[in-house]
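Read the structure below first, then the notes.
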Amino acid sequence: MYMRSFWALLTVSAMALTAVSCKKESGYKPTKTEQVEAAEIAPGDEASIFPIAVGNQWVYERSIGERTSETTLKILSVDEVDGGQNIEMEVTSENGDSLTSTWRMDDTGIYQLNASSDQPNFEPAQILVPFPLEAGNEFTQDIEGIRPDQSTGPMKLNGRVNGAEEVDLVGKSVSAFSVKTASFWETEGATATSIATSWWAPGIGFVRQHQVVTSPDFSATLVFKLKSYSFKD
């Protein structure tokens with residue numbers, strides 16, 4: 001699964017994304033269900049935004065254009081490395097295709113080290129969520145690695161934490177911290193873009209993503225909604 005901050009969330013998804021062209025762009029508007037209390041994270045407790053333990057699992061509804069399917073994210077291992085934790089993730093689509101991707105969490109944020117184990121690492125590791133999770137916290141990156149259109153090369157990222165927002169999942173709404181990332185890269189003599197917003201809920205993790213990828217001859221929208229999750233004690 002290729003997660004861009006995303007971002008394409010997963011390499012499995014990014015491959016499917018490149019196969020779908022939908023020039024009509026659809027904006028994301030949350031469906032209101034019931035009023036929810038605004039999410040809060042105390043300083044120093046940022047790790048609660050992504051509960052990590054071997055066996056923790058999240059199931060998502062994934063939509064690419066008019067196509068809807070299911071994707072499962074599961075933690076295979078957590079290793080203490082250089083003051084942080086490297087997290088090996090298994091990403092499985094409903095047809096059984098799977099891959100592994102490595103993320104990292106430390107006191108500066110959550111990062112993606114690679115899109116999949118058979119791909120070179122991002123240089124440097126790609127920011128998914130910067131800490132502290134404060135509205136207005138901005139970040140920029142120049143990285144080298146696989147891009148949303150599956151090409152490889154340099155890419156520039158500009159991101160911002162928008163704070164807690166109410167967001168609809170499958171069957172309910174939650175309050176989650178919003179992180180918006182704009183990615184830019186050159187292709188065929190023009191600039192391609194990926195505009196992605198991800199939402200992270202304390203005590204649950206990654207719950208939602210909306211991404212629009214546009215290049216000179218390609219445009220597509222990718223959406224993830226959390227359906228269910230299960231955590232190991």
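Sort 128, 76, 113 from largest to smallest accessible area, using a 1.4 Å probe on the heavy atoms of the protein chains.
Largest accessible area first, the residues go 76, 113, 128.
Is the C-alpha gyration tensor of region 35-116 telling us rounded, prolate or oblate? Criteria: a/c under 1.5 is rounded; beyond that, a/b larger than b/c is prolate, otherwise oblate.
Note, shape of region 35-116 comes out oblate.
In percent, how large is the relative contact order of the chain, given Cα pairs closer than 8 Å and 6 or more residues apart?
The value is 25 percent.
Out of region 48-82, which GluC sites (Glu not before Pro) are coil in DSSP terms and have no more than 10 other C-beta atoms within 10 Å?
66
Once phi is turned into θ = phi - 60°, what whole-Hz ³J(HN,Hα) does the Karplus curve with 6.51, -1.76 and 1.60 give for every residue of region 173-190, x standing for Gly and Pro?
Values per residue, Gly and Pro as x: 10, 9, 9, 9, 7, 9, 10, 10, 10, 10, 10, 9, 8, 8, 8, 6, x, 9 Hz.
At q = 0.14, 0.18 Å⁻¹, what log₁₀ I(q)/I(0) does the chain have when each alpha carbon counts as one equal point scatterer in the Debye sum?
Each listed q maps to, in turn, -0.84, -1.51.
If you filter region 142-233 for GluC sites (Glu not before Pro), then keep DSSP loop positions with at most 13 other Cβ within 10 Å, what is left?
Answer in residue order: 188.
Which of the trypsin sites (Lys or Arg not before Pro) across region 116-188 are loop residues per DSSP, with 11 or fewer other Cβ within 10 Å?
Of the trypsin sites (Lys or Arg not before Pro), the ones in loops of region 116-188 whose Cβ has at most 11 other Cβ atoms within 10 Å are 172.
Decide, for region 108-168, between rounded, prolate and oblate: order the square roots of the alpha carbon gyration tensor eigenvalues as a ≥ b ≥ c, take rounded if a/c falls under 1.5, and otherwise choose prolate if a/b is larger than b/c, else oblate.
prolate
Counting heavy atoms of the protein chains only and a 1.4 Å probe, report the per residue accessible area for the chain as a whole number of Å². Working shown, then result.
Working: 10310 Å² over 233 residues.
Accessible area per residue: 44 Å².
Structure shown: which of 180/232; 180/225; 172/225; 156/227 lie over 21 Å apart, alpha-carbon to alpha-carbon?
Among 180/232; 180/225; 172/225; 156/227, the Cα-Cα distance tops 21 Å for 180/232; 156/227.
Restricting things to Cα coordinates, could you compute the convex hull volume per residue of region 62-186 in Å³?
Enclosed volume per residue, from the Cα hull, is 139 Å³.
Take the Cβ-Cβ distance between residue 66 and residue 95 as r, set R0 to 25 Å, and report the resulting FRET efficiency rounded to the nearest 0.05.
That gives a FRET efficiency of 0.90.
Can you tell me how region 94-141 classifies by the Cα gyration tensor, rounded, prolate or oblate, using a/c under 1.5 as the rounded cut?
Numbers: a/c = 2.82, a/b = 1.95, b/c = 1.45.
Because a/c hits 1.5 or more and a/b exceeds b/c, region 94-141 counts as prolate.
Roughly to the nearest percent, how much of the accessible area of the chain is carbon and sulfur, given a 1.4 Å probe?
Of all accessible area on the chain, carbon and sulfur atoms account for 46 percent.
The values are calculated or read from the model by the stated rules, or taken from the named source; none is laboratory data. From a predicted model like this one, the values you see are computed outputs, not experimental measurements. Note that each Cβ is placed from the backbone with ideal geometry, even for glycine, and that neighbours are counted across all protein chains shown. The protein model used for the area step is the full one, side chains on, heavy atoms only, and it has no ligands, DNA or RNA in it. Shrake-Rupley method; radii C 1.70, N 1.55, O 1.52, S 1.80 Å.
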